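Below is one structure; the comments refer to it alone.
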Amino acid sequence: MTAEERPYSHSGKAVEFLDPFSRPRVAIVLVAATLLLTALFYLVPAIDIAVSSLFFRQEPCAPDVAKTICGTFPALSDTTLNDIRDFFHQMPIVIAVLLLLTAVSISLRRDKSLQRLAAGIYVALAALIVNSLFIVNLWLKSYSGRPRPEQTDLFGGSLPFVRAGEFTDFCASNCSFISGESSAAFWLVGLAALFPPQWRARALGVALVMATIAGSLRVAFGGHYFSDAVIAAMASVATFAVLATLARAFGLGGTETASTSR
């Protein structure tokens, strides 16, 4: 990679490919944090129950209903909140398609000055596929068996509460553990690394706010427990970091050296 192609920070030093997510230490910390948080929610299930209780409104059960607890999650009936949820639900898909078209266009034009960006996009798309498709939807949501809050007897449903990380057969498919929408939303956090160095911190902040809103809505709607959203968020960013670190290690983004001037 030539000096002209190398992105620089305000200090004049070259910035590594997909920094800071491509740093091995960052990837290790994120993976470890994901596992530790999963263990925490498994060992302290009261956290999930307490958070979901904040959004649940208990109501008297009808005489012919054989339940001890009845009620609803009021946020689920809010039109505005549902519109916001739909927006964040579709946004990662739209962005992914636009990024794919951009990367293919760069590859076809063989624009060397943008090859690094194209490589970053391919890594980002791979992270989305690996985590949101394979890990979340095809594995965890299909086989974890964890009922959603609205399905459990603690919140007006008929199924028992299942702690995070525990695999059961109470749910057959599209289960609560973990949140697919939170996973996809926090994939946007990794995209901050595609921005020029001077914009990365701002892009990271905006992505974190949007992703947090998306994940929080799923909890408020009773569609997921707090742990589902948090673990999905961490797993998404951790997957991005692992793939970015591997890509950098294999030289996908080019070899860079520090420079004090430009």
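Using Cα atoms only, what is the angle between the long axis of helix 197-220 and the major principal axis of the chain, expressed in degrees (0 to 90) to the nearest 10?
10
Only sites in a loop by DSSP and with at most 16 other Cβ atoms within 10 Å count here; which GluC sites (Glu not before Pro) in segment 153-262 make the cut? Numbers along the way, then the final one.
On the way: sites: E166, E181, E256; in loops: E166, E256.
Of the GluC sites (Glu not before Pro), the ones in loops of segment 153-262 whose Cβ has at most 16 other Cβ atoms within 10 Å are E166.
State to the nearest 20 debye the size of the charge dipole of the chain about its Cα centre, where the only charges are +1 on K and R beta carbons and -1 on D and E beta carbons.
Details: 20 positive and 18 negative charges, 205 e Å.
Computed charge dipole of the chain: roughly 980 debye.
For segment 24-249, build the charge dipole from Cβ charges (+1 Lys, Arg; -1 Asp, Glu) around the Cα centre, then report which of G156, A66, A185 sits farthest towards its positive end.
In segment 24-249, that residue is A185.
Return the Rg/Rh ratio of segment 166-262 with Cα-based radii and a Kirkwood Rh.
Working: Rg = 17.1 Å, Rh = 15.3 Å.
Radius of gyration over Kirkwood radius for segment 166-262 works out to 1.12.
Return one number: the angle in degrees, 0 to 90 and rounded to the nearest 10, between the long axis of the Cα atoms of helix 226-249 and the longest principal axis of the Cα atoms of the chain.
Roughly 20 degrees, rounded to the nearest 10.
Return the loop-located trypsin sites (Lys or Arg not before Pro) in segment 47-111 (DSSP other than H, G, I, E, B) with at most 13 other Cβ atoms within 10 Å of their own Cβ; answer none if there are none.
Numbers: sites: R57, K67, R85, R109, R110; in loops: K67, R110.
In loop regions of segment 47-111 (DSSP not H, G, I, E or B), the sparsely surrounded trypsin sites (Lys or Arg not before Pro) are K67, R110.
Is the shape of segment 25-96 rounded, prolate or oblate, going by the alpha carbon gyration tensor and its root eigenvalues a ≥ b ≥ c, with a/c under 1.5 for rounded and a/b larger than b/c for prolate? The partial results should precede the final answer.
On the way: a/c = 3.79, a/b = 1.37, b/c = 2.76.
In terms of gyration-tensor shape, oblate.
Helix 115-128 sits at what angle to the longest principal axis of the chain, using alpha carbons and giving 0 to 90 degrees rounded to 10?
Long axis of 115-128 versus the principal axis of the chain: about 20 degrees.
Step by step: find N for segment 24-249, compute 2.2 N^0.38 Å, then divide the Cα radius of gyration by it. What's the final number? Working shown, then result.
Values: Rg = 19.3 Å, N = 226, 2.2 N^0.38 = 17.3 Å.
The value comes to 1.12.
Every number here is computed from the coordinates shown, using simple stated rules; none is lab data. What you are looking at is a predicted structure, and each value in this text was computed from that prediction instead of being measured. So basically every Cβ, Gly included, is an ideal-geometry build from the backbone, and we count neighbours across all protein chains shown.
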